[in-house]
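**Student:** Can you keep this structure in mind? I'll have questions shortly.
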Amino acid sequence: MLSDLSHADRSCDVLVIGGGPAGTTAATLLAQQGHQVTLLERARHPRFHVGESLLPANLPLFDKLGVRAEVEAIGMEKWGAEFVSPWHAHSQSFEFAEAWDKSMPHAYQVRRAEFDEILIRNAERKGAKVVEGCRVRKVEFLPNAAGAMVQADHDDGRTETWQCRFLIDASGRDTFLGNQLKAKHRNPKHNSSSLYGHFKGAQRHAGQKEGHITIFWFAHGWFWFIPLIDGVTSVGVVTWPYYMKTRTKPVKDFFLDLIQMCPALAQRLEGAQLTTPVEATGNFSYTCDRTHGANWLLLGDAYAFIDPVFSSGVMLAMQSAFAGAAAADRCLRHPDQATDALQAFDRAIKHGPKEFSWFIYRITSPTMRELFMAPRNIFRVKEALLSVLAGDIFGNTPIWRSILAFKLIYYLSAATNLKSTIMAWRQRKLNVRYVEDTQEFGSP
């Protein structure tokens, strides 16, 4: 049994594990609703984090949190996305203003250290108690859904225990509860590994397209190119784990060699300088087999992560936090409605990953490349696709008939090019099986 409480400050209504976008959003909303909220974050802000590209659907959430002006001040305006393929003569740009809903024409690229600090300080201002440099080590759920005891270590060596009525795990890819409950599993349909770093002096487009995120396909996966406001550009590669395992040199050299395998990206980085260490993340696609319990729930990456190709991570994290805060508030105020509240949350948190995953699983297929590189708006499928790219999948925008039409076009096109489709499918199965056979689930 965890140690008994000895101080009233260590008792709260809601305890949030993790100070990223999901945790800080949930903490802010619940504190505004009058709950006593404690947020425990293992690092101290500002701290480096990848995932700098936001979506237009983030902006209404910033308005609701009251941080829109602060985000605008640190952000590079992002009006669209560009796709570059070595199998096609020209790149293809998509503008968010051409989406079904024309009211969200742009987003921002941000340094996550600055962006995440804005969110965590906002949580403090709105009444949440934020404890940084405090890593959660153990959670013990109390009988009869009475709450939980949470043990955490401060970075000065102290260990403390909190008691809460409701627990929210927003620990990101640390997936604290997923690991403790043995609920985290490798995604059987997708697995990738990633290398990334920041460059100074990369070549950017002129005018409004300067802030476009660019996706570069290459033989072993794809790269991202994300311009930031201060002249720094975030560059990363997402590739199959089998290819990451061919590395026989330091991570930095391997990363730079991969860039040279993508001539269009290498040209954009000619003369640029790498300004950060190269970070590596291995086999990162996973999901947990549950989203909640009687008095706890998972948010954002603590529940699932697939692939960053559509920059959906921050938006899905914050959307899950809005749904999670509503569920937690309802559970605390109306315990008799807890089952309905948590079921509604379960549907909400699964919706985003489900809709994005269909595209993510196929993004490296020849058929999907062709559709992205030569888009048509028959049945308004281009507008609907742009709505998905903008993150507009939770509201009332009537895109789903057109998305269904896009999927039918995809399947018909894949059937027309059956040989290449079968070859791509077999290669994908081999890539996923490689991960299963090697039993790798961590850093490369």
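Bear in mind these aren't lab numbers, they're just calculated from the coordinates by the rules spelled out. Computed from a predicted structure; not experimentally measured. Every residue, glycine as well, gets a Cβ built from its backbone with ideal geometry; the counts of neighbours run over all protein chains shown.
**Student:** Mind sorting out which of (i) 105, 57, 43; (ii) 60, 42, 40; (iii) 67, 48, 46 is the real Cα extents along the principal axes in Å computed from the coordinates?
**Tutor:** Matching the structure shown: (iii).
**Student:** Of Gln109, Gln92, Gln163, which is the most mobile in a GNM of the chain whose springs link Cα atoms less than 10 angstrom apart?
**Tutor:** With Cα springs under 10 Å in the chain, the top fluctuation among Gln109, Gln92, Gln163 is at Gln92.
**Student:** Continuing with this model, one more query. Let me know the shape class of segment 271-417, please: from the alpha-carbon gyration tensor, a ≥ b ≥ c as square roots of the eigenvalues, rounded when a/c is under 1.5, otherwise prolate if a/b is greater than b/c, or oblate.
**Tutor:** Verdict is oblate for segment 271-417.
**Student:** Now for a separate question. Give the cross-link partners of Lys350 among the lysines, using a straight C-alpha distance below 25 Å as the criterion and excluding same-chain residues fewer than 8 apart.
**Tutor:** Partners within reach: Lys64, Lys182, Lys184, Lys189, Lys382, Lys407, Lys429.
**Student:** Round to the nearest 10 and give me the degree value, 0 to 90, for the angle of helix 338-360's Cα axis relative to the longest principal axis of the chain.
**Tutor:** The helix 338-360 is inclined about 20 degrees to the chain.
**Student:** Taking neighbour counts of Cβ atoms within 10 Å as a proxy for exposure, in what order, fewest first, do His334, His205 appear?
**Tutor:** Neighbour counts put them in this order, fewest first: His334, His205.
**Student:** OK, next. With θ taken as phi - 60° and the coefficients 6.51, -1.76 and 1.60, list the Karplus ³J(HN,Hα) couplings across segment 243-257 in order, rounded to whole Hz; mark glycine and proline as x.
**Tutor:** Listing the rounded values in order: 6, 4, 6, 7, 4, 10, 9, x, 4, 4, 5, 4, 4, 5, 5 Hz.
**Student:** Quick one: Lys182, Lys138, fewest Cβ neighbours within 10 Å first, how do they rank?
**Tutor:** By the 10 Å Cβ count, ascending, the order reads Lys182, Lys138.
**Student:** Going by average Cβ neighbours within 10 Å, how do the peptides 247-254, 48-55 rank, with the highest at the top?
**Tutor:** Result, highest mean first: 48-55, 247-254.
**Student:** Pairing the Cα long axis of helix 112-125 with the longest principal axis of the chain, what angle in degrees results, from 0 to 90 and rounded to the nearest 10?
**Tutor:** That helix lies at roughly 30 degrees to the long axis.
**Student:** Now, a different point. From the helices alone, meaning DSSP H stretches of at least four residues, give me the mean residue ellipticity at 222 nm for the chain, per-run term -39500 (n - 2.57), in deg cm²/dmol to the nearest 500.
**Tutor:** Theoretical 222 nm ellipticity from helices: -11500 deg cm²/dmol.
**Student:** Of Gly293, Gly207, Gly172, which is the most mobile in a GNM of the chain whose springs link Cα atoms less than 10 angstrom apart?
**Tutor:** Between Gly293, Gly207, Gly172, it is Gly207 that shows the largest mean-square fluctuation.
**Student:** On a 0 to 90 degree scale, rounded to 10, what angle separates helix 418-438 from the longest Cα axis of the chain?
**Tutor:** Tilt of helix 418-438: around 40 degrees.
**Student:** How do Cys12, Cys288 rank when sorted from fewest to most other Cβ atoms within 10 Å of their own Cβ?
**Tutor:** Cys288, Cys12
**Student:** Checking the cross-link filter: which lysines have an alpha carbon closer than 22 Å to that of Lys200, excluding same-chain neighbours under 8 positions apart?
**Tutor:** Answer for Lys200, where 22 Å is the Cα cut-off: Lys78, Lys209, Lys252, listed by chain and number.
**Student:** On to the next question. When only DSSP loop residues count, what trypsin sites (Lys or Arg not before Pro) in segment 48-116 have their Cβ near at most 15 other Cβ atoms within 10 Å?
**Tutor:** Those that pass, being in a loop and sparsely packed, are Lys102.
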